[in-house]
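Chemist: Could you have a look at this structure, given as structure tokens, before my questions?
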Amino acid sequence: MRYYKIGRSVLVSLLVVLSASFVPSLPLVLTTSRVLAQTADARKIEADRFLEQGIEQYQTSQFTAALQSWEQALQIYREIKDRKGEGLALGNLGAAYGSLGDYKKAIELFQQDLAIAKQIGDKAGVGRALGNLGGAYRNLGDYKKAIEYHEQSLAIAKQIGDKAGVGRALENLGDAYNFLGDYKKAIEYHEQSLAIAKQIGDKAGVGRALGNLGGAYHSLGDYKKAIELFQQDLAIAKQIGGKAGVGRALGNLGAVYYFLGDDKKAIEYHEQALAIRKEIGGKTGEGTALGNLGLAYDSLGDYKKAIEYHEQALAIHKEIGDKAGVGGALNNLGLTLFKSGNLAEAQKVLKQGIEVLKSQHSRQGKDEFKISIFEEQARTYRLLQKVYIAQNQPDAALEVAESGRARAFVDLLASRLGIPPTEPTIDQIKQIAKAQNSTFVQYSIIGDDFKIAGKQEGKESELYIWVIKPTGEVIFRKADLKPLWQKENTTLDDLVTTSRNSIGARGTTFRGIDVSFNPDAPKATNKLKRLHELLINPIADLLPKNPSDRVTFIPQSSLFLVPFPALQDQSGKYLIEKHTILTSPSIQVLQLTREKRQQIGKQPIQGNNMVIVGNPTMPKIPPKIGEPPQQLTPLPGAEREAKAIAKLFKTQYLTGNQATETEVTQRLPQARIIHLATHGIFDDVQGLNSGIALTPDSPSSSLNKEEQEGGGDGLLTAGEILDLKLSAELVVLSACDTGRGKITGDGVIGLSRSWISAGVPSVLVSLWAVPDAPTAELMTEFYQNFQNNPDKAQALRQAMLTTMKQHPNPVDWAAFTLIGEAE
């Protein structure tokens, strides 16, 4: 199974000044332009001057001015047909747009730079552009693509004997693996980078490599080793007179001491870093240092001083047009105002922050760009919820909670339906609940900063729960999450994982592997009951009494992996026995799936408008980035399942060599019902790489993306599904982990999201590796029920209750969840 796990903890507030995430082409541009200027004509000299002027402006954080200079340089280079100069200007413009957070524009410019370098045979330029593309994709969270670009850049640098380029590529690869959470591999790359920098006498490179190694050890929680490496970086920077490097190392040391809980020492280092940044005119670094000082004083409880620093940081980020910096500064200022008890001002500041974030979000065109940007912004939405709840305004908090989830998803769906996206109001939320005829349960996990054993740690604090009834009544409740880590030595995330593990739902095997289970095992029962206590008990009295009435859960974060049907009350009764259950990434998504369902209209389900696939000839897949492909096993139960369903509807099904990716994909646009019984592959790092196994178009096909691109390889990915235009009313993914993917602030990025985006209002997916035979029985029951009852949620519930009698283990019947429309 493609099973990527990230162990990296995400920091909510601290602006850690680790080494640059991607290496802009500035040093190369500076050298080249001066050499060329010696023999150039007047126009070329003018273009080179604009190029170097932009570099000076960029290095002092005058990004807008740098953009203007490079635009002028680009125009002249194009007029005089200087292709190399044109490429350099494009690369620098890309770096500037990347610094401003406009990754879409940055990538466009880097691609143009790459095309020119290839066209004129400039291998060094090709390597530079590939490195910059890798950095931009890393900033977007597309680590797989980032690694591919950096590996290509590394190969070119080795080919042309550019040792400095080799070092840079290794540095970038280490950085990408650090963000993947693979710290061991990150350290290996950074150590190789360090060795090369020492070999070629690049002391600045040695310092950078030491700083990057310190960052990796910091991520591992080895603060002692991190401090030792940052101190070495600092010593080298002082020795060579690299003031920017001194500032970077001082900031990193301040960050480590902050996490160690030594706020006074953190302040000392951040003050020194601030002085250096002011001296060299690095406005971005100055704003970061001021923000870090604000956080340290906040941690000390000196809110007055913290507010002063956050306001200064805010002013600088506004001055240089750094919208991401403005959003972060407003968030941190709002946090300190909230902690100081100034709720009205905190509310005002955080609302300003959200408006800034929205403007930044709207600049990003593609869905994946918006997801990445929004991921960094979710903290501000959560903080504003806390401020509203502290002022006893739960309806306003619900509006913020709803506005702050699945934002990119809502934008994508609305644009495909031709509907302008709107901000959810409490009245709209009530109307959607009424239209769905369902009781909504919306969760929001709220964190806080705590000092534990002297160290500053972000921990789960409370669970906000809103119940929205079809009558329009809205009730707010909350649950205390602190006992989980204070008394039970666990977290909500861990509890979800252990509850799944306790029933055998590990999500690390493919469909077809049965799991032994004792249904009376107290461990399993206790975990499922504990989750019920947290998620259901606070609102159990508000849920409908009629088991046929629908309940739609809107989860967040790890709660997307909760097996809601299998949660047990104190008497041992499963939740599915009492309620008809659906899920959705947001309330607004339900409004849009309802719109799509109405566009499709009601038509009878007939065999000639169904696509049924069972047990295709399986492809090979790489279980992890960089590993060789492995052959997937056949699924005889999936074939029996497809045959039984086809018989019910008096139609044909595709199996074995018939079920090629091309054949299936060609049939999908005409289908009313799509049923795929096969292996599912999920990727929780790059969610759009999750996929459904089909027959490769040629027997030798396997998922080796270096040899093949696009369809026909036997894996229909979420990214490929996203580009389809479908009119099916239901897709059933009878495979493993099809409801999983990369969990973000925008929901789960994976198969379910892509099918809905492609135009399907109802998607049935699994939350773990489902066993073959019980799944076949469950699915046959589901379709028998569906033939007699058009309510898909009720049909699924009855199928679960029937399967439960023969297979009492929840792993056999509770994996599937219906997302979207019931009818």
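Chemist: Give me the dipole magnitude in Debye, nearest 20, for the chain about the Cα centre, with unit charges on the beta carbon: positive for Lys and Arg, negative for Asp and Glu.
Modeler: 360
Chemist: If you average the C-alpha positions of the stretch 598-663 and of the stretch 321-342 separately, how far apart do those two centres end up, in angstrom?
Modeler: Here the two parts' Cα centres lie 50 Å apart.
Chemist: Highest mean first, how do 774-781, 291-298 rank when packing is the count of other Cβ atoms within 10 Å averaged over residues?
Modeler: 291-298, 774-781
Chemist: Only Lys, Arg, Asp and Glu count, each charged at its Cβ (+1, +1, -1, -1), so figure out the dipole size of the stretch 212-257 about its Cα centre, rounded to 20 debye.
Modeler: My answer is approximately 120 debye.
Chemist: Label-point separation (nm) for LYS602 and THR498, each offset 7 Å from Cα along Cα-to-Cβ?
Modeler: Distance between label points: 4.8 nm.
Chemist: Calculate, for LYS434 and ILE45, the FRET efficiency according to 1/(1 + (r/R0)^6) with r their C-beta to C-beta distance and R0 60 Å; round to the nearest 0.05.
Modeler: Once the sixth-power term is evaluated, E becomes 0.30.
Chemist: Relative to the longest principal Cα axis of the chain, at what angle does helix 203-219 sit, 0 to 90 degrees, rounded to 10?
Modeler: Between the helix axis and the principal axis of the chain, the angle is about 30 degrees.
Chemist: Next question, about the same structure. Give me the distance between the Cα centres of the stretch 471-489 and the stretch 791-806, rounded to whole Å.
Modeler: A separation of 29 Å, based on Cα centres.
Chemist: Another one. Once the Cα atoms of the stretch 421-466 are picked out, what are the Rg and Dmax in Å?
Modeler: Rg and Dmax of the stretch 421-466, Cα atoms, are 17.0, 51 Å.
Chemist: Now for a different question. Find how much the distance from ALA275 to ASP480 grows on full extension, using 0.36 nm per residue of separation minus their present alpha carbon separation; answer in nm with one decimal.
Modeler: 69.5 nm
Chemist: Estimate the FRET efficiency between ALA244 and ILE200 by the formula 1/(1 + (r/R0)^6), using the beta-carbon distance for r and 22 Å for R0, to the nearest 0.05.
Modeler: 0.65
Chemist: Can you tell which of PRO563, ILE116, LEU575 lies farthest toward the positive end of the dipole of the chain, using +1 and -1 charges on the Cβ of basic and acidic side chains (Lys, Arg; Asp, Glu)?
Modeler: Looking along the dipole axis, the top candidate is LEU575.
Chemist: Here's another thing I want to ask about it. Going through the cross-link list LYS81/LYS158; LYS430/LYS482; LYS451/LYS487, which pairs have a Cα-Cα distance over 22 Å in this structure?
Modeler: The pairs that break the limit, which is 22 Å between Cα atoms, are LYS81/LYS158; LYS430/LYS482.
Chemist: With viscosity set to 1.002 mPa s and temperature to 20 °C, compute the Stokes-Einstein D of the stretch 91-156, Rh being the Kirkwood radius across alpha carbon pairs; µm²/s, no decimals.
Modeler: Result for D is 189 µm²/s.
Chemist: Another question about this same structure. Quick check: the angle from helix 394-403's long axis to the longest principal axis of the chain, C-alpha only, nearest 10 degrees?
Modeler: Here the helix axis deviates by roughly 70 degrees.
Chemist: Under the rule of -39500 (n - 2.57) per DSSP H run of 4 or more residues, summed and divided by the residues of the chain, what mean residue ellipticity at 222 nm is obtained, to the nearest 500 deg cm²/dmol?
Modeler: Rounded to the nearest 500, it is -18000 deg cm²/dmol.
Chemist: At q = 0.06, 0.07 Å⁻¹, what is the log10 ratio I(q)/I(0) for the chain, with the Debye formula run over Cα points and no solvent?
Modeler: Rounded to two decimals, the profile gives -0.41, -0.56.
Chemist: Compute the long axis of helix 63-79 from its Cα atoms, compare it with the longest principal axis of the Cα atoms of the chain, and write down the angle in degrees, 0 to 90, nearest 10.
Modeler: Rounded to the nearest ten degrees, it is 80.
Chemist: Next question. Which FRET efficiency value, to the nearest 0.05, is calculated for GLN806 and GLU191 with the Förster distance at 56 angstrom and r the Cβ-Cβ distance?
Modeler: 0.50
Chemist: Also, quick follow-up: Run the quick spin-label model on LYS647 and THR64: label points 7 Å from Cα toward the beta carbon, then report their separation in nm to one decimal.
Modeler: 7.2
Chemist: Which value, in debye to the nearest 20, gives the size of the charge dipole of the stretch 191-303 about its Cα centre, when Lys and Arg are +1 and Asp and Glu are -1 at the Cβ?
Modeler: 400
Chemist: Restricting the count to DSSP beta bridges whose residues both fall in the chain, what percent are antiparallel, rounded to a multiple of 5?
Modeler: For the chain, the DSSP antiparallel bridge percentage is about 60.
Chemist: With the crude spin-label approximation of a point 7 Å out along Cα→Cβ, what separation in nm comes out for LEU343 versus LYS84?
Modeler: Label at LEU343, label at LYS84, 6.6 nm between them.
Chemist: Around GLU311, with a cut-off of 12 angstrom between Cβ atoms, what is the net charge of the other residues, counting Lys and Arg +1 and Asp and Glu -1?
Modeler: Summing Lys and Arg as +1 and Asp and Glu as -1 gives +1.
Chemist: May I ask which residue of ALA296, ASN252, GLY282 lies farthest towards the positive end of the charge dipole of the stretch 249-304, with charges of +1 (Lys, Arg) and -1 (Asp, Glu) on Cβ and the Cα centre as origin?
Modeler: About the Cα centre, the residue reaching furthest to the positive side is GLY282.
Chemist: Of ALA266, GLN312, ALA324, which is farthest on the positive side of the dipole of the stretch 266-354, counting Cα position, with +1 on Lys and Arg Cβ, -1 on Asp and Glu Cβ, and the Cα centre as origin?
Modeler: ALA324
Computed from the coordinates by the stated procedures, all read-outs in this text should not be read as laboratory data. Since this is a predicted model, take the numbers as computed values, not measurements. We place every Cβ from the backbone using ideal geometry, glycine too, and count neighbours over all the protein chains shown.
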